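K.L.:
Questions regarding the structure given below will be posed in turn.
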Amino acid sequence: WSSDVCSSDLNKYINELENSGEIIITGKLEYTIESNDYEIINAKEIFIINDSDAESLNNLALILSKFKHEDRKSEDKTKIYIEIKNRENKAFFDKKGIYNLISDDYEIFLFSINEIIVQEMFKDKPLVSNIKNKNGKYEENLKILIVGFNDLSEEILYNILKLGHFDLNKITEVTVIDDKYELLNCKYKTIIERGKKPYENNNKSLWKLEFLPYKCLYEERVYNRIILCD
């Protein structure tokens, strides 16, 4: 059986899961975990989904602390699925991170709703589908506007820039509009510079990335794709 850890009782699937026999823990996990020790350490699957990565990681730590319990009965490893929204937080699960993905009692699987959304976005709608193509060569740059920057925007940007590594004979131009544009230009300075000059002794660019304020929406610019994440 499964144990699901959720952060809000407003999730429309909670009643459905409860009716099917799942254990749902909402609100503060530490308030209810003590009375559910046995169920948690013997669950076949645990899903950790919260509003923030910090809360999810805290809940994971609480749950893993229960696996030191002496009365574990299940012979199979418990599969723990945890949603990590921010790409940078995946470093916690690297070889030098603080979490081990596999132990004698459990196995941790990372997933991201944002990754699933982006895969669906680009699956049937290739980004280059509306750029003029002549004899296998694109006649204009791929120009994309992203409005609003958050974890989903970052996942979209990551996948767009991966296209820059393919030879389209043109560079990928990405403009991101957000109030925190100055901070973002500093945070992604290395990526911005890498796109301008990725190779030594070669002036060929892969992408042009810039973060701008909302007032730039009123400027006369042309885009092939507009993605609203605000």
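No value in this document is a laboratory result; all are computed from the given coordinates. As the structure is a computational prediction, the values presented were derived from the model and not from experiment. Ideal geometry is used to build each Cβ from the backbone, glycine not excepted, and the neighbour counts take in all protein chains shown.
K.L.:
What pairs in 162/196; 96/189; 143/170; 85/187 have C-alpha atoms more than 22 Å from each other?
P.N.:
Beyond 22 Å between Cα atoms: 96/189.
K.L.:
Could you calculate, for region 71-230, the ratio of the Cα radius of gyration to the Kirkwood radius, expressed as Rg to Rh? Let's see the in-between values first.
P.N.:
On the way: Rg = 19.6 Å, Rh = 18.2 Å.
Result: Rg/Rh = 1.08.
K.L.:
Please report, in cubic angstrom per residue, the volume enclosed by the convex hull of the alpha-carbon atoms of region 73-134. Show your work: numbers first, answer last.
P.N.:
On the way: hull volume 9.2 nm³, N = 62.
About 149 Å³ per residue, rounded to a whole number.
K.L.:
Over all Cα pairs of region 99-166, how is the pair count split among 5 Å bins, expressed in % and running from 0 up to the last occupied bin?
P.N.:
Cα pair-distance distribution for region 99-166, in percent: 3, 12, 18, 19, 14, 11, 8, 6, 4, 3, 2, 0.
K.L.:
Send over the semi-axes of region 184-230's equivalent ellipsoid, whole angstrom and largest first, taken as the square roots of 5 times the C-alpha gyration tensor eigenvalues. Show your work: numbers first, answer last.
P.N.:
Working: eigenvalues 124, 38, 18 Å².
They are 25, 14, 10 Å, listed from largest to smallest.
K.L.:
Considering just Cα atoms, how many Å³ per residue does the convex hull of region 52-98 enclose?
P.N.:
That works out to 92 Å³ per residue.
K.L.:
How many times 2.2 N^0.38 Å is the alpha carbon radius of gyration of region 128-221? If you can, show how the numbers build up before the last one.
P.N.:
Details: Rg = 13.8 Å, N = 94, 2.2 N^0.38 = 12.4 Å.
Cα-based Rg divided by the globular estimate yields 1.12.
K.L.:
May I pose another question? With a 10 Å radius around each residue's Cβ, average the other Cβ atoms per peptide and rank 138-151, 214-227, highest first. Let's see the in-between values first.
P.N.:
Details: 138-151: 17.6, 214-227: 11.6.
Ranked by mean Cβ neighbours within 10 Å, highest first: 138-151, 214-227.
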